[in-house]
């Protein structure tokens, strides 16, 4: 085909789909998982510190460094194989080792992580797990006896996976060494690639389960504060319904509650959103195992339904309640603002009515003053005219008093009409 320019990210995006291949691991092997969560909340934490911590471990074993912007790495460190992955909030270190120790879940394999290196970790351990991988015995009763020595019976979850190609088990409890325990018994026909996929799924289930559970303490803390805010909001609504208290004062209190709710919502949004995403990953990883029942024990899916799902429902319920409470505060604020506006409108109407009354009084006073002005002007006009016309009136035999009397009404009428015309012109 003729040459065409590639999008700058074409190869990066295509290679991203193949960036995290499943490990290949045979039977009679063991693996450990360490997940470290950064102290900061959210995706803005220092990711470079995670990389520097990885490089410090690689340098101890003389292992080549990954690419500068790499978010995953696989390589040999001593006798073991390391797989490192960087996620939004945490990083995982998975060690694969061939051969089994003399006793199952021997803590000696953890010595691959030096003590001072662990102390310098840029975060805290969110989970760690040790996985025992062995060939499946011919008798399921032998597996059951091993489980009794490794796991707590009350919490044991065990099942056959991937069309009975292996048996997996865990009690999801932290043992004396501080780690979770998982066991994989692979059938004779189960190849290294399938064992690697099973191992990867178990590690993902444990890691994302631990990350999802971070939403539970946040939800519990919010429930306590939300209950207090809910009581305060209910009291304000009762005052509104009873008509007691000043609306403007209640509006100020309500705005304080609404601001606090918005603050709680913004601070919890990332945690609740991440919890929902992690929960979905856990459920999908359990589903792809295609579990079957093993000796009547509960499956991983049943364990999650009984122990994990209630915690997730609590988180979701808290998120819904927080949103509902925020919406209620918003609606109450709208009602209070409407009441304040209505009260102000009534005050304005009363003020306008008083202004109209004062204007009417002023108009009446003005009309009174205008009447007096007509009288005064007419008085001076009559006097002036009587003086002006007196000589003429004497010639025709009209005395001045009669002349003055004759001029009063016409002058008053003329002055009144002139005043009225001037007022109409001005208004």
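With a cut-off of at least 1 residues that are outside the structural domain of residue 32 (by TED's automatic domain parsing) and either buried (at least 17 other Cβ atoms within 10 Å of the Cβ) or at pLDDT 95 or above (or both), name the strands (runs of 3 or more DSSP E) lying wholly within segment 143-217. Break it down stepwise before answering.
Numbers: elements: 157-161, 166-170, 180-186.
So the answer is none; nothing clears 1.
With the requirement that a residue be under 21 Å from residue 210 (Cα atoms) and touching a strand residue (DSSP E or B) at 6+ places or on another chain (Cβ under 8 Å), what does segment 160-176 give you? Walk me through it before giving the result.
First pass over segment 160-176, keeping only residues under 21 Å from residue 210 (Cα atoms): 168-176.
Matches in segment 160-176: 168, 169, 170, 171, 172, 173, 174, 175.
Would you mind stating whether residue 330 is touching a helix residue (DSSP H, G or I) at 6+ places or on another chain (Cβ under 7 Å), surrounded by fewer than 18 Cβ atoms within 10 Å (Cβ to Cβ) and touching a residue at least 24 places away in the same chain (Cβ under 8 Å)? Outline the logic, then answer.
Numbers: touching a helix residue (DSSP H, G or I) at 6+ places or on another chain (Cβ under 7 Å): yes; surrounded by fewer than 18 Cβ atoms within 10 Å (Cβ to Cβ): yes; touching a residue at least 24 places away in the same chain (Cβ under 8 Å): yes.
When the stated conditions are applied, residue 330 passes them.
The values are calculated or read from the model by the stated rules, or taken from the named source; none is laboratory data. It should be emphasised that the depicted structure is a prediction, and the values quoted were computed from it without experimental measurement. Reconstructed Cβ throughout: ideal geometry from the backbone, glycine too, with neighbour counts over all protein chains shown.
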